[in-house]
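Asks: My structure is below; once you've seen it, I'll send some questions.
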Amino acid sequence: MQYEFLYILKKTELKKDWKIRLHEIIYEAETKEGKLFDVILLIFILLSVFLVMLESVESINEKYYALLNISEWIITILFSIEYILRIVSVKKPLSYIFSFYGIIDLLSTIPKYLSFIMVGSHNLIALRALRLLRVFRILKLTRYIGASNNLVLAMKASKTKIAVFLYFVIILCVILGTIMYIIEGADNGFTNIPKSIYWAIVTLTTVGFGDITPQTPFGQFIASIIMILGYAIIAIPTGIVSSEMTKKNQILEENTEVCPNCAIEHHKENAKYCYRCGSKLHS
């Protein structure tokens, strides 16, 4: 009886060790095996996106259709296995499935399967390019991870100011569009106020499609003012975000560890426990 208990205990520990080891390889880039796994994964992602690009070239697709299709199916199956392993290696699978990377991983896997029932859905495989966002974790570029977090925090802090600014721009475009509708009229292409507002937005953003152009001298004068305003307005959101980034100048030192329990990322360097659930990290 005692031997049976010890056997079951040892078997449970081996199973636990296997899951921990798998988690370290798949989710983290701290070890050599983990980094190798992620680099190989990146290569396959790039290859997959490249294959989709080749498929879109009609002459290449006609000549090498079978080869491209088989290659794409091999990569899809490998990604499917990887997705399942990611779910298996965490204690709370739903935390990974509904996470940012979990949704991207799913969206990058299902298009090929959907091609059986939806024509043209295999082109959505190009969504796999989003998985290249993992490159910052894979190469353990903690400085860049911290800088990206700093940018996100600055954008969050400045969202109210940017919202007010955009509200002001919308009002300005409505006013300028209405003025141009009154000045130019339907004879010069400004047939209605919505179309005139469209012209004002295009002109203010310095795009200038040229499909509608003012013909009267006064209309051209207003257009010139809108163009000059456009250059000034474009710089304002940049200044707002830059100001917030200066305030949040501190770059967060983070590692690539992922919590084995809740799958949360962005742990501080040398952290021993998860900041969300308190579970012990592998480091």
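The values are calculated or read from the model by the stated rules, or taken from the named source; none is laboratory data. Keep in mind that what you see is a predicted model, and the values were worked out from it rather than measured. Every residue, glycine as well, gets a Cβ built from its backbone with ideal geometry; the counts of neighbours run over all protein chains shown.
Asks: Could you look through segment 169-199, keep only residues that are among the aliphatic types (A, V, I, L, M) and within 15 Å of Gln215 (Cα to Cα), and pick out the one that is surrounded by the fewest Cβ atoms within 10 Å (Cβ to Cβ)?
Replies: Ranking the candidates gives Ala186 first.
Asks: Would you pick out the residues in segment 192-208 that are over 19 Å from Ile233 (Cα atoms) and within 36 Å of the chain's Cα centre (by Cα)?
Replies: Across segment 192-208, the qualifying residues are Pro194, Lys195, Ser196.
Asks: While we're on this one: Can you find even one residue in segment 189-210 that is without any contact (Cβ under 8 Å) to a residue 24 or more places away in the chain, assigned to a loop (DSSP other than H, G, I, E, B) and of a type in the set (A, V, I, L, M)?
Replies: yes
Asks: Being surrounded by 12 or more Cβ atoms within 10 Å (Cβ to Cβ) and polar (S, T, N, Q) is the filter here, so list the residues in segment 54-94 that pass it.
Replies: Of everything in segment 54-94, those that are surrounded by 12 or more Cβ atoms within 10 Å (Cβ to Cβ) and polar (S, T, N, Q) turn out to be Asn61, Asn69, Ser71, Thr76, Ser80, Ser89.
Asks: Where residues in segment 205-237 are of a type in the set (S, T, N, Q) and under 12 Å from Met180 (Cβ atoms), which of them is surrounded by the most Cβ atoms within 10 Å (Cβ to Cβ)?
Replies: In this case the residue turns out to be Thr213.
Asks: Looking only at segment 145-159, count how many residues are at pLDDT 65 or above and buried (at least 16 other Cβ atoms within 10 Å of the Cβ).
Replies: Within segment 145-159, residues that are at pLDDT 65 or above and buried (at least 16 other Cβ atoms within 10 Å of the Cβ) number 5.
Asks: Can you tell me which residues in segment 38-72 are of a type in the set (Gly, Ala, Ser) and not in a helix (DSSP H, G or I)?
Replies: If the condition is that a residue be of a type in the set (Gly, Ala, Ser) and not in a helix (DSSP H, G or I), then Ser56 is the only one that fits.
Asks: Can you give me the number of residues within segment 21-67 that are under 19 Å from Ile77 (Cβ atoms), at pLDDT 85 or above and among the small types (Gly, Ala, Ser)?
Replies: 1
Asks: Spot the failing condition for Ile240; the list is (1) surrounded by 14 or more Cβ atoms within 10 Å (Cβ to Cβ); (2) over 33 Å from the mean Cα position of the chain (by Cα); (3) part of a helix (DSSP H, G or I), and only one is missed.
Replies: (2)
Asks: Related question: Among what's in segment 248-268 and is modelled with pLDDT of 75 or more and among the β-branched types (Val, Ile, Thr), pick the residue that is nearest to Arg21 (Cα to Cα).
Replies: Ranking the qualifying residues of segment 248-268, first place goes to Val258.
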